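What follows is a single structure, written as structure tokens, with notes after it.
None of the figures in this text is laboratory data; all of them are computed from the coordinates on show. Note that the structure is predicted; figures quoted are calculated from it, not measured. So basically every Cβ, Gly included, is an ideal-geometry build from the backbone, and we count neighbours across all protein chains shown.
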Amino acid sequence: MNTMEYAQEIVNELQHSVSQLGEEAEQVADLLLRSGKVFVAGAGRSGLMGRAFAMRLMQVGKDAYVVGETITPGMDKVDVLVIGSGSGETKGLISIVENARAIGAVVVAFTIIPDSTIGRLADYIVKLPGATKDQSGNHTTIQPMASLFEQTMLVVYDAIILRMMEKTGQDSTRMFGKHANLE
């Protein structure tokens, strides 16, 4: 396959993944609209997708933070933790989820494996198709490691943002007012 054929296959895989999603993302959009602060966490590339989601949440008007940043405030029981973990077994993320649960906050997990430790601790689970880093999981892919999961997660995160925009009557022009302007 050449590069463009690989790109087309990636798009085909994403289409297939998105076609398997349930209504859980709709519940997450509603939850985030009525929540206090939103905290986002993930490790590696999943964490990068979470950072992109936190930025968009801020731009639609939510107080959103990335766990572990120096300016991240404390969490309260009216807040939500959104965590992305393909395997649901990343030790550092399990600790974050346990801390959020102890506070009484709501935990939303985006994962391939709902029966994982993080999945069992979460209040809401958005099951995403894909393969974990070691290529286990419920979906075959030509992509390396957990790329399909991470890409699907970003697409779903953006879909949640679009739904939140629709429900609050926002458009990109209004969001642009919260876009970084020191570049």
With the Cα gyration tensor of the chain in hand, convert its eigenvalues to equivalent ellipsoid semi-axes via √(5λ) and list them largest first in whole Å.
26, 21, 15
I need the shape label for region 57-151. Rule: rounded when a/c is under 1.5, else prolate if a/b > b/c, else oblate, with a, b, c from the alpha carbon gyration tensor.
prolate
Which residues qualify? For V126, with a placed amide H closer than 5 Å and at least 5 residues away or on another chain, they are A109, F110, T111
What ranking of R56, R101, R120 emerges when the number of other C-beta atoms within 10 Å of each C-beta is taken as an exposure proxy, fewest first?
R120, R101, R56
If you count, for each residue, the other Cβ atoms within 10 Å and average over each peptide, how do 28-38, 63-73 line up from highest to lowest?
28-38, 63-73
Over the chain: helical MRE at 222 nm, DSSP H runs n ≥ 4 each giving -39500 (n - 2.57), nearest 500:
-15500 deg cm²/dmol
Tell me which residues come under 5 Å, amide H to amide H, from F39 once H is placed; ignore anything under 5 positions away on its chain.
Y65, V80, L81, V82
Describe numerically, in nm with one decimal, the distance between label points set 7 Å from Cα along Cα→Cβ at R51 and at Q20.
2.8
Hand me the tally of lysine pairs in the chain: alpha carbons under 22 angstrom apart, and the pair either on different chains or 8 or more positions apart.
10
Taking neighbour Cβ counts within 10 Å as the exposure measure, how do S85, S95 sort from fewest upward?
S95, S85
In the neighborhood of E69, defined by Cβ-to-Cβ distances under 14 Å, what is the net charge if each Lys or Arg adds +1 and each Asp or Glu adds -1?
+1
Net length gained if the chain between D171 and E69 were fully extended (0.36 nm per residue, minus Cα distance)
33.9 nm
Residue exposure sequence - T141, T168 - by fewest surrounding Cβ within 10 Å:
T168, T141
